[in-house]
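The values are calculated or read from the model by the stated rules, or taken from the named source; none is laboratory data. Here the structure is a predicted model, which is why all the values come from computation and not from measurement. Ideal geometry is used to build each Cβ from the backbone, glycine not excepted, and the neighbour counts take in all protein chains shown.
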Amino acid sequence: MFEDHFGNHADAYRRHRPAYPDTLFARLAAAVPQTRVAWDAACGSGQAATSLSAIFDTVIGCDGSLAQLVAAQPDRRFSLVRAWVEAPPLPDHSVDLVTVAQALHWLDLPAFYRAVERVVRPGGAIAAWCYTLPTLSHALDPLIVHFHDEVVGPYWPARRRHVLRAYRDLAFPFPRIAAPTLALRATWRADNLLGYLGTWSAARRYAAATGRDPLRAIASQLHRAWGSEKTRMVRWPLHLLLGRVGA
């Protein structure tokens, strides 16, 4: 059964989530024999698909959440399809690269991997990645950890544990391709960071269960700890699984 963890705040998700680095997509392009078609599975509002569309001739994004698809940028250069990614409406052996950005832990993996084997051309590739907690400074990092573990900690969906484990305990039955060490980076104001924290699935579940905004628990502390700097560099470690399909 599809669980839409972000549909009720799809626009906020699009506005407040960080962009993925160009170096990631350059590595993915180098991992496939040709850059004709990319399938972005569980594409959400199209963060990864946007970058893929600068490299691949055709990019198809699939997601079960209509709200997420509607929130995609109107000037997008990729196609969107509402479909379960475990049963994509794609022809056999039609795709060069499959990507799953910050979503592999939500999927029915056996069914999804069967779909990958069906739609990818021999010698193509699959890339799945997640990013873990951001770091900013010695004063701010403990506040983020406290918000994650203590304030909204009881409201995390069980599958979110795979992100904290950097996907080390998720099945990935494809011959590995060497993956670089990568990170997301953004120059943000304090309110940008609060907006991002508010997109966490646990924050939304906390608000639904209690009727309170969980950000109130840390907003004033975060602004004090931010200091006099208008902006700060935010860094998220990115963990990439990259594999060959049908080699």
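Given the condition of a type in the set (A, V, I, L, M, F, W, C), closer than 21 Å to Leu238 by Cα, modelled with pLDDT of 95 or more and in a helix (DSSP H, G or I), answer yes or no: does some residue in the range 164-171 qualify?
No, every residue in the range 164-171 fails to be of a type in the set (A, V, I, L, M, F, W, C), closer than 21 Å to Leu238 by Cα, modelled with pLDDT of 95 or more and in a helix (DSSP H, G or I).
Looking at the range 134-153, which of the residues that are of a type outside the set (A, V, I, L, M) and either free of Cβ contacts under 8 Å to residues at least 40 places away in the same chain or touching a Leu at 6+ places or on another chain (Cβ under 9 Å) (or both) is farthest from Trp106 (Cα to Cα)? Quick ask: steps written out before the conclusion?
Narrowing the range 134-153 to residues of a type outside the set (A, V, I, L, M): 134-135, 137-138, 141-142, 146-150, 153.
Cutting the leftovers down to either free of Cβ contacts under 8 Å to residues at least 40 places away in the same chain or touching a Leu at 6+ places or on another chain (Cβ under 9 Å) (or both) gives us 134, 138, 141-142, 147-150.
Numbers: Pro134: 21, His138: 32, Asp141: 26, Pro142: 27, Phe147: 22, His148: 19, Asp149: 20, Glu150: 23 Å.
Selected residue: His138.
Given the conditions (1) over 30 Å from Val120 (Cβ atoms); (2) without any contact (Cβ under 8 Å) to a residue 12 or more places away in the chain; (3) among the β-branched types (Val, Ile, Thr), and given that Thr187 satisfies all but one, which numbered condition is not satisfied?
Thr187 satisfies every listed condition except (2).
Say whether the condition of being exposed (fewer than 13 other Cβ atoms within 10 Å of the Cβ), among the polar types (S, T, N, Q) and outside any loop (DSSP other than H, G, I, E, B) is met by at least one residue in the range 204-211.
Pass one, the range 204-211, residues exposed (fewer than 13 other Cβ atoms within 10 Å of the Cβ): 208-211.
Then keep just the ones that are among the polar types (S, T, N, Q); that gives 210.
Those left that are additionally outside any loop (DSSP other than H, G, I, E, B): 210.
Yes: one or more hits.
Are there any pairs with C-beta distances below 7 angstrom linking a residue in the range 71-94 that is touching a residue at least 12 places away in the same chain (Cβ under 8 Å) and in a loop (DSSP other than H, G, I, E, B) to a residue that is basic (Lys, Arg) and surrounded by 15 or more Cβ atoms within 10 Å (Cβ to Cβ), with the two at least 6 apart or on different chains, and if so which?
Ala71/Arg14; Asp92/Arg118; His93/Arg121
What residue, among those in the range 212-229 that are within 27 Å of the chain's Cα centre (by Cα) and in a helix (DSSP H, G or I), is nearest to Tyr196 (Cα to Cα)?
Only one residue fits best here, namely Leu215.
Take the conditions surrounded by 24 or more Cβ atoms within 10 Å (Cβ to Cβ), without any contact (Cβ under 8 Å) to a residue 24 or more places away in the chain and either under 26 Å from Pro180 (Cα atoms) or within 17 Å of the chain's Cα centre (by Cα) (or both) and apply them to Gly61. Does it pass?
On the way: surrounded by 24 or more Cβ atoms within 10 Å (Cβ to Cβ): yes; without any contact (Cβ under 8 Å) to a residue 24 or more places away in the chain: yes; either under 26 Å from Pro180 (Cα atoms) or within 17 Å of the chain's Cα centre (by Cα) (or both): yes.
Yes: the conditions hold for Gly61.
Against the condition among the hydrophobic types (A, V, I, L, M, F, W, C) and either crowded, with 17+ Cβ neighbours inside 10 Å or under 27 Å from Thr199 (Cβ atoms) (or both), how does Ala48 come out, does it pass? Can you show your working first?
On the way: among the hydrophobic types (A, V, I, L, M, F, W, C): yes; either crowded, with 17+ Cβ neighbours inside 10 Å or under 27 Å from Thr199 (Cβ atoms) (or both): yes.
Answer is yes for this residue.
Tell me, yes or no, whether the range 26-37 has at least one residue that is at pLDDT 70 or above, crowded, with 19+ Cβ neighbours inside 10 Å and under 16 Å from Cys130 (Cβ atoms).
Scanning the range 26-37 turns up at least one residue that is at pLDDT 70 or above, crowded, with 19+ Cβ neighbours inside 10 Å and under 16 Å from Cys130 (Cβ atoms).
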